[in-house]
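Reviewing the structure listed below.
The values are calculated or read from the model by the stated rules, or taken from the named source; none is laboratory data. Being a predicted model, the structure only gives us computed values, none of them experimental. Neighbour counts are summed over all protein chains in view; Cβ atoms, including those assigned to glycine, are modelled from backbone coordinates with ideal geometry.
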Number of protein chains: 2
Amino acid sequence: MEASTKPVLYTYFRSSCSWRVRIALALKGLAYDSAPVNLVKDGGQQLSPEFQAVNPMKQVPVLRIDGITLSQSLAIIEYLEETRPNPRILPQDPKTRAQVRMISDHIVTGIQPLQNLSVLQQMGEKKLDWAQSCISSGFEGHMVTMADLCLVPQVYNAERYKVDLTPYPTIRRINKALLELEAFQISHPSRQPDTPPELKV
Amino acid sequence: MEASTKPVLYTYFRSSCSWRVRIALALKGLAYDSAPVNLVKDGGQQLSPEFQAVNPMKQVPVLRIDGITLSQSLAIIEYLEETRPNPRILPQDPKTRAQVRMISDHIVTGIQPLQNLSVLQQMGEKKLDWAQSCISSGFEGHMVTMADLCLVPQVYNAERYKVDLTPYPTIRRINKALLELEAFQISHPSRQPDTPPELKV
């Protein structure tokens, strides 16, 4: 495969891990081809021999780019940041970078639906304020970071599982502001090539 | 807190997340003070008001370093790599770095004991070979990477939960080789300040 080939993203419209990568690709203005993998249809298309040849871990997202095949959303996002640094989604100061990674990891290690809820509840109001104050002190202006790429799909899942978000005004405010941005809109589960017609907006 | 103060690691001897960070500190030759947090004693010392003031997420490891307080093992390790790059634990080539992060994330997102097992089983023989072949093609010599820091504590957990490792000779071989290294030995759960006497070796 040539490094100049358009990247291919194996994705599922509703997967929060896929969505994180879609936001990163959109923020960086990278054109790519979608290869939808339906995690529920046909007993899970990720289990097919064809897809296992792409990713033996049987998970989306997978990004084929620059002649390599990458899985794990944060590893993919870090690669995009290192090879396509504009616009940046990690601050340049190592201490602030560390705090962005800390929040990202905290969200991402809650992969399973059940954990998704508990992670959000763990984040809570006081704790998110704490995290935000860590971060905002290091920021100039309003930079969208890797942590934001993790937060929005997490809130989407929480809403899907009917978690009451009224106790978390800070999370809701940040989420709302991010959803105004084009990168978060065009990557949204409701607007993907594999979104079922009844879920499209 | 002065940047020149010795780092403090809040750690639990048996925590695989703590062990990852202990290995990184040892590889980089960084002296630090241990602040043991017993996750089972007193109903879990991580729940105490004193520790929650350190980390509202109520988890170890936490590293106080350079005037900041960091949690999440991989965020801590990335920070150490950025601020103390010698010796490197991430390769310099972005593609190889991505593959090391991919394997690390794959292991680390399996936090819970139950997942620990399934992650290792998912890694399996064929898949680890795949991962290894991805990586070794990019390496010169035998570099210890972030992925190795994740692998060894994972295998330790698997042994603790009596997972049969005979089907995974590659994992066993790599694990054995890594355990010969001093950084993996001095950071081992059996040799920590908070290791109970009956578990010390």
> Can you pull out the residues in segment A:30-51 that are modelled with pLDDT of 95 or more and either among the basic types (Lys, Arg) or closer than 19 Å to A:Tyr79 by Cα (or both)?
Replying inline: A:Leu30, A:Ala31, A:Tyr32, A:Asp33, A:Ser34
>> Of everything in segment B:145-195, what is more than 22 Å from B:Pro85 (Cβ to Cβ), among the acidic types (Asp, Glu) and at pLDDT 90 or above? Give them in sequence order.
In response: B:Glu180, B:Asp194
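Do the conditions hold for A:Gln99, that is, is it crowded, with 20+ Cβ neighbours inside 10 Å, modelled with pLDDT under 95 and at positive phi?
Judged against the criteria, A:Gln99 is not a match.
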> With segment B:19-118 as the region, which strands (runs of 3 or more DSSP E) entirely inside it contain at least 3 residues that are touching a helix residue (DSSP H, G or I) at 6+ places or on another chain (Cβ under 7 Å) and facing another protein chain (nearest Cβ under 10 Å)?
Replying inline: B:68-71
> Of all residues in segment A:175-195, which are of a type in the set (S, T, N, Q) and in a helix (DSSP H, G or I)?
Replying inline: A:Asn175, A:Gln185, A:Ser190
>> Could you check segment A:164-174 and list, in sequence order, the residues that are surrounded by 13 or more Cβ atoms within 10 Å (Cβ to Cβ) and assigned to a loop (DSSP other than H, G, I, E, B)?
In response: A:Leu165, A:Tyr168
> Inside segment B:165-184, can you point out the residues that are of a type outside the set (Lys, Arg) and farther than 15 Å from B:Met143 by Cα?
Replying inline: B:Leu165, B:Thr166, B:Pro167, B:Tyr168, B:Pro169, B:Thr170, B:Ile171
>> List the residue pairs whose Cβ atoms are under 6 Å apart, where the first residue sits in segment A:36-54 and is under 16 Å from A:Gln192 (Cα atoms) and of a type in the set (Lys, Arg), the second is at pLDDT 95 or above and outside any helix (DSSP H, G or I), and the two are 6 or more positions apart or on different chains.
In response: none
>> Of all residues being surrounded by fewer than 22 Cβ atoms within 10 Å (Cβ to Cβ), in contact with a strand residue (DSSP E or B) (Cβ under 9 Å, 6 or more places away or on another chain) and not hydroxyl-bearing (Ser, Thr, Tyr) in segment B:60-96, which is farthest from B:Leu25 (Cα to Cα)? Just the residue, please.
In response: B:Lys95
>> Can you find, within segment A:175-201, the residue that is surrounded by the most Cβ atoms within 10 Å (Cβ to Cβ) among those that are over 15 Å from the mean Cα position of the chain (by Cα) and within 25 Å of A:Val100 (Cα to Cα)?
In response: A:Ala177
>> Please go through segment A:1-32 and give me each residue that is among the charged types (D, E, K, R), over 16 Å from A:Pro189 (Cα atoms) and touching a strand residue (DSSP E or B) at 6+ places or on another chain (Cβ under 8 Å), ordered by number.
In response: A:Lys6
>> Can you tell me how many residues within segment B:28-60 are in contact with an Asp or Glu (Cβ under 9 Å, 6 or more places away or on another chain) and under 21 Å from B:Leu151 (Cβ atoms)?
In response: 1
